[in-house]
Structure formats: C-alpha cells, structure tokens
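Single-structure report; data block below.
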Amino acid sequence: HEGPRRVKRAWVIPPISVSENHKRIPHLLVQIKSDKQQPGGVIYSIKGPGVDEEPLGIFSIDKFSGKVFLNAMLDREENDRYRLRAFALDLGGVTLEDPTDLEIIVVDQNDNRPLFRQDVFTGRVVEGAEPGTCMMTVDATDADDPDTDNAALRYSILEQGSAGMFSINATTGEICTARPGLDRETMGVYNLTVQAADMSGDGLTTTAMAVIYLEDINDNPPEFTKEEFSMEVEEQAAGVDVGKVFVHDKDLVGSPSWLAKYTILEGDPEGAFTIRTDPHTNDGVLSVVKPLDHEVRDRFELTVSVQNEQPLESTAPASPRALATVHVRVRDINEAPVFRENPRRISVLEGTPPGTPITTYTASDPDTHQIQTLTYGLLYDPADWLQLDPHAGTIRTKRELLHPSAFLQGGWYIALVLARDDAEPPLSATGTLSIEILEVNDHAPQLQTPAGVLCGRPGRGGTLLLGATDDDRPPHGAPFHFQLSPQQPQLARNWSITRFNVTHAVLAVLVELPEGPYSLPLLLRDSGTPPQEQQQLLNVSVCHCGRDGTCQDGVLAAATAGAGITLGALLIILGSSILLFVLAALGAVRVRGRRRALRKGLLERSRDDMRDNILNYDEQGGGEEDQDAYDINQLRHPELFSARAKPPVRRDAPLSSGTPLAPRKLPNSPSDIEDFINEGLEAADSDPSVPPYDTALIYDYEGSGSVASPLSSIVSSLTDEDQDYDYLSEWGPRFRRLADLYG
C-alpha cells in the first residue's frame, strides 16, 4: 500500500515582500526550483497580473533558472499584492510539477501626504458664546496604509491671530471656542489655518482654511446721531413726509437686532403726526396724517424714542432709552374760504315780491394772519330768481317765486354761491343754498264739472256727485266744504248738499221738482290758512225720472242740460249765427270791380296766401238797425236769382264793363250762399274801376246798440277745442283755408 504523496519543499514558495517605489530594477525577488529538475531539462513559467495580465511587464522569470525578477516600480496605493501561478514543464511540454502559487506583497512607504476633504471649512457661532462651544469639524484623509503610522493623522491650528479664541481636537479635528469675549462688532469673521500631519504628527503635513463667522445678537441698542432735529411742513397738508431722524446701530445691518422702531412720546396730543421706519436705511420718517392749521398752531416740539424690533439680550450692557427732540414749523399758505353752514336751508313764502331779502350767506377766511377780502357771486341760479350782493352776501328775490315750476325739486329751489378771496392766486369755495318755497293759500277750489243732470224725485236718482280741485298744494287744498249760497236761503227747501269725501259732495233734491234747467249758486271753501272760498254757479238739468231712477228722456235732458251749462255756450251759438249772416251779407253787397288779370295773377301765386280769403267791397248794410240798405230776399230765396242769364249791373260800374272772358268755375256741389257769393265776386272781378283787392276801404256806419254780444265773446267763453268748424269745408274754396286752420 502506497501512502500520501509528499510535496517537495523546494516547490512550495512562501509570500515574497517587496517595498513600493523600489528603484533598483530589475530586482531578483525569488528563485523557484523543481525536485525533478534535470540539468537543462526543466522549463519554468509564471502567469497572472503583472505578467500576462494587466499591468503587463512588471514581473518576469528566467525559464531555465527559475529566477523571478521585478522589472518596474510598484505603488501600494494602486495594488498592494500580486498573486501569480508558477509552472514547471519538461522539454517536451509535459508537466513536471503541479502549478504552485506565488504571492508578492507590496510593502507600504510613507509616500502620501494627508489631504483635507475641502480647502475651506466654514462654521458659525453666536457672539458671546461660552468657552467650549464647538461649531465645526475639519477632517483629512491619507492614502497610505491605515494600519501603519503612515496614515496616523494629527490636527493642529497653525494661525488664528493673537487672541487665540479657538482650539482644535488633534485627533478628531473639531474646533471649539477656547475663551470668552467673542464680539461680532469687534471682529465678525475669524480665519484659521489648520494642519493635518501623518506619522502621528511627525510625518507629512497639509493645511486648509477654517472660516468662522460670528452670528449677531441684539447686544447694542440704536442711538440717535444727534439730540435735536428741525423740519418744516405746509399747513393743510396731509399724508406727506415732513423729514427724517437718523440713528446708528452697531448690530448686523438688516437683521432684526438692527431694525429700529420709533415712537412719538410727547408733543402731539391730537395725533397729527406719525413716524415709520425706512427698512433700507433704518431712518425714522416723520409724516403728517391730519391737516395742520397755521392759524391754530404754527410749531410743534415732538419727543421721539427709538428701540429695536427685537428685545436686547440679557447679556447686553444696560443703557438708557434713546430720545431725540424734533422741531416742526408749520408754514402758512393761502387757504380757500369756508362756508361754515353748507348747505344753508331757508324757507320763503310763495309769491314773495321781488327785492325782498331772504338771507345773508357768507363764508369765512381761515387766513386770519393775512388781510384778504371775500367777494360773492351766484354760480348756479337756474330760474334767475335771485340777486346777490357781491360784498355783503345778502340774497334778495329777483322775481316772484311761484308754484309750480320746473326748477323746483319737491318744493325746494337749489342755488350755488361762490366765495372768492383776493390772494394770488385766488382761491374759492362753493356753498349750497336750499330754498323751500312755502305754499300760500292763494287759490279757491273750483268745481270740476259746473253742470249735471239728475232726476226730479227725491230718493230715486235725484242725486248728483260734485267734485272740486284746488291749484294749491297741501295743506291748503282738501278737504273741501260745499254749501248752497247763504245769500239764497230758499234753495235749502229744494236742495241739500252732503259730504262724500274730502274732494266730493252729493247734491240731492228734497222735493219733487219739475223738469227743466236750474242754476244753483254754490259756495266752495278749502282748508287752507286762511281758507279761500268762492261762489260758483252750478247748472243742473232736472229730467223726467224713469222707474229705475234714471232720466227717461235722455235726449231731451241732455239738450236741456247743454242749454243751461253756461252763458258762454249760448254766446257761441249766437255768435256763430251772426258770423254766418255777416259772411252772407259780404257776398251780397255790390262792390267795385277789379281788373281780372291782376287779381288772377295774385291769387295764383300761392294757395297759402291768407289775403285771398278776405274780399273788400264798397258798401255794406247798416248793421241790425239798417234793414233797408239791402234786399234780404236774395238770401232767403236764392233760387229766384240763380237762373239769371247775366250778372247784375252795379250802380257804380261803367256801362262798357262786360262779363269776364273766363269766369270762375263753380264747385261740384255749391250751396245757395256759395252761389250768391260767387255771383257777386264775378261782378266785382269784371269792374276795372275798383282799386286793388288789398286796399283798405271805409264802410258805411252800421249803427250802435246791438243786442247781440260781440264776436270776441265767442273766444272768451270757450276754447277752439269746444267749437266744431267742420262745416266750413262745405262753404266752398273761399273758406277752405279757414277749414284747414280750425277744422
């Protein structure tokens, strides 16, 4: 039995150590040998990193002797060991020995300096920090073998100034305060030079900078740069800056410990001033918040204090509160006049006569230290009702102030008064004058309808509702009082009036009355102060009552009531009859003829010529008293004269005058009066001896003492709206113009 195979000692190679940075090369590291070596019969080889693997060419072997050489300098920081394999073959390439390991260890040398992780280290610590307060740590590295002294680092402070305020832990690199007395206001930044050395402080070294900033605390109160400040501001100015006060604070600019806060302690009881902090400069800005009046107070003396927004640290030295005195002078300027009472409200009776003083509206000038004169004028007087004394400010009425008016607003009249001083430049003020026009009871109530119809039997429709109106405004109007005229007490036997509401009353018959018109004098009175009353005539038509209490003969009753409405209606009817008679008489009068060519040319100029509606004749009857000047039978029986073969011969016309060559064409539907008038007109046109149609003629005396009313009474009794002029269109072309105007 064969035991385990014994490995030969010569073929087992222990680790080989070689120092890095070995400069003698090639350098013999080891010689390997096989026990089966035959002279010239063994071939040696090695493989691995540094031989046939990267990095190439560092190691080599003599294939016949087995010597291993180092061919290049080694760097432990790049590769601290190499593991190779060694082989032994015969000349035929047959393996003589199993491959064996060859380990080459690179021995470290102190060839690397320590390196700080950064060139500049930054730390912060508050000023006044206690000794032993740490604020930062510096650290370095060494590429050498950490298990040797080559990488054993020690820290130190090479330079920090003469004070020696900081220390460093030699092993950890932590920097702390070494003594008290750090003051940012004295030195705000410390620059330290720190060192790291290997070999426990005895080897290679390196340095870095450590910058330590002192953080500010509020250990310095603000102080005024001087004790007194002087400023000036115009009166009446508000919301403007007056000036600045200046302070100094040693603390860090822009920090809460530096920012100042100002307070006005004395001298401003009315709160006219305020002071704020300029955040950029820390100055105190004094401003005016209420208008100042030079005449009331021309100067102020303010006591101002200052302190920080952030309270002082307890470690700060005690100091008194900073105070300063600010003198403010108020500069006088021209001020506008002032109406102390604005608006001014007054009351004036309606109908106040012109020239009546109603008020004195003046302004005052705030500039009591300046001699100035105020003048006044009306800036707004829409109805031109007022006149104003420019010096005294007295306002008088220029014309009567009456209701109603488009310039009144709810019974008030608004005017604007302008007051102006004589300064340079002048200033003015506007005052509002509100005038209440008080109502005066100057109108009596009027019946709304001065006529009516009712049944003549009591209790069966024998009532009539009466209404009244008053041009006065309350309280001078309703309620109205209706009563039968006290001057005719006998009316109370047949009639009665009872109140219906504040504006109406009910007229009733007390006994059965016969049909026909009745005129009742009524007395109407308002409720004004003093009351106004007026007696008015009420025309009542009593009709025949039917079973239901209404008028049975409505047509007759209406006609009767219409006849008894007013005297004006009767005058209109009578006047219309007279007008028709006069127009017919004018057409029947024999007048002088005119040349036809002249009149035809003038009449054809325009249909709007008003003059062709009036004809001038030579003679006329003597009115109602002259019944012999003209044969009225021509008007009463025109059919007897319309068939004449030729026109009548005028007494004042020459025998040679003839009929016009082209007589006027009659209308399609002429009336009797129209025929006669046109015949007379044709005779006048044929007379060449008469003057022109627009010449004024003198007519005969018509007499006097006519029983009829004048024609002007027609207009005074009723308006054109009550008259029907449509019948004028039936009178032919001579009256067509009147029909267009009044129809």
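Compared with the alpha-carbon gap, the fully stretched path from Thr193 to Ser230 is longer by 8.1 nm at 0.36 nm per residue. Students often get this wrong: which residues of region 495-513 have the backbone nitrogen under 12 Å from the point 7 angstrom along Cα-to-C-beta of Glu533? So the set is empty, nothing qualifies. The label point for Ile25 and the one for Leu349, both projected 7 Å from the Cα toward the Cβ, are 13.9 nm apart. With R₀ fixed at 22 Å, the C-beta to C-beta distance from Gln448 to Asp384 puts the FRET efficiency at about 0.05. About its Cα centre, the dipole of region 257-397 is roughly 160 debye, where the only charges are +1 on Lys and Arg Cβ and -1 on Asp and Glu Cβ. Near Lys244: Cβ cut-off under 14 Å, other residues only, Lys/Arg at +1 and Asp/Glu at -1. The net charge is -3.
At 0.36 nm per residue, minus the direct Cα-Cα distance, what do Gln307 and Arg499 gain on full extension? Give it in nm, one decimal, please. Don't skip to the end; give the middle numbers.
Details: separation 192, 0.36 × 192 = 69.12 nm, distance 8.76 nm.
Value of the extension gain: 60.4 nm.
Please report, as a whole percent, how much of the solvent-accessible surface of region 115-215 comes from carbon and sulfur atoms (probe radius 1.4 Å). Don't skip to the answer; put the middle values down first.
Values: 2250 of 5030 Å².
C and S fraction of accessible area: 45 percent.
Once the C-beta distance of Glu295 and Thr274 is scaled by a Förster radius of 22 Å, the resulting FRET efficiency is 0.45 to the nearest 0.05. Solvent-accessible area per residue in region 16-107 equals 56 Å², computed with a 1.4 angstrom probe and all protein chains kept.
Just add up the charged neighbours of Asn308: K/R +1, D/E -1, any other residue whose Cβ is under 13 Å from the Cβ of Asn308. List each step's numbers first, then the result.
Details: positive: Lys250, Lys261, Arg321; negative: Asp216, Asp219, Glu223, Asp249, Asp251, Glu309, Glu313.
My count for the surroundings of Asn308 gives -4.
Roughly how big is region 441-514's charge dipole about its Cα centre, with Cβ charges of +1 (Lys, Arg) and -1 (Asp, Glu), in debye to the nearest 20?
Roughly 400 debye, rounded to the nearest 20.
Computed from backbone phi with θ = phi - 60° and the Karplus coefficients 6.51, -1.76 and 1.60, the 3J(HN,Hα) list for region 440-445 is 10, 7, 10, 10, 8, x Hz; x is used for glycine and proline. The phi torsions of region 227-238, fed into the Karplus equation with coefficients 6.51, -1.76 and 1.60 and a -60° offset, translate into couplings of 7, 9, 10, 10, 9, 8, 8, 6, 5, 6, 8, 9 Hz, rounded to whole numbers, with Gly and Pro shown as x. How far, in nm, would the chain grow between Val506 and Trp412 when pulled straight, counting 0.36 nm per residue and subtracting the alpha carbon separation? Result for the pair: 30.1 nm of gain on full extension.
Please work out the FRET efficiency for the pair Ala163 and Ala318, using the Cβ-Cβ distance as r and a Förster radius of 25 Å; give the result to the nearest 0.05.
On the way: r = 26 Å, r/R0 = 1.05.
That pair, Ala163 with Ala318, gives E of 0.45.
At q = 0.21 Å⁻¹, work out log10 I(q)/I(0) for region 344-438 with the Debye formula, treating every Cα as an identical point scatterer and leaving solvent out; two decimals please. With one equal scatterer per Cα and no solvent, log10 I(q)/I(0) is -0.98. Across region 386-398, coupling constants 3J(HN,Hα) worked out from phi with the 6.51/-1.76/1.60 Karplus curve, θ = phi - 60°, read 10, 9, 10, 6, x, 9, 8, x, 6, 10, 10, 7, 9 Hz, and Gly and Pro carry x.
The values are calculated or read from the model by the stated rules, or taken from the named source; none is laboratory data. This is a predicted model, so every value here is computed, not measured. Reconstructed Cβ throughout: ideal geometry from the backbone, glycine too, with neighbour counts over all protein chains shown. Heads up: the accessible areas ignore ligands, DNA and RNA and are worked out on the full protein's heavy atoms, side chains in. Shrake-Rupley method; radii C 1.70, N 1.55, O 1.52, S 1.80 Å.
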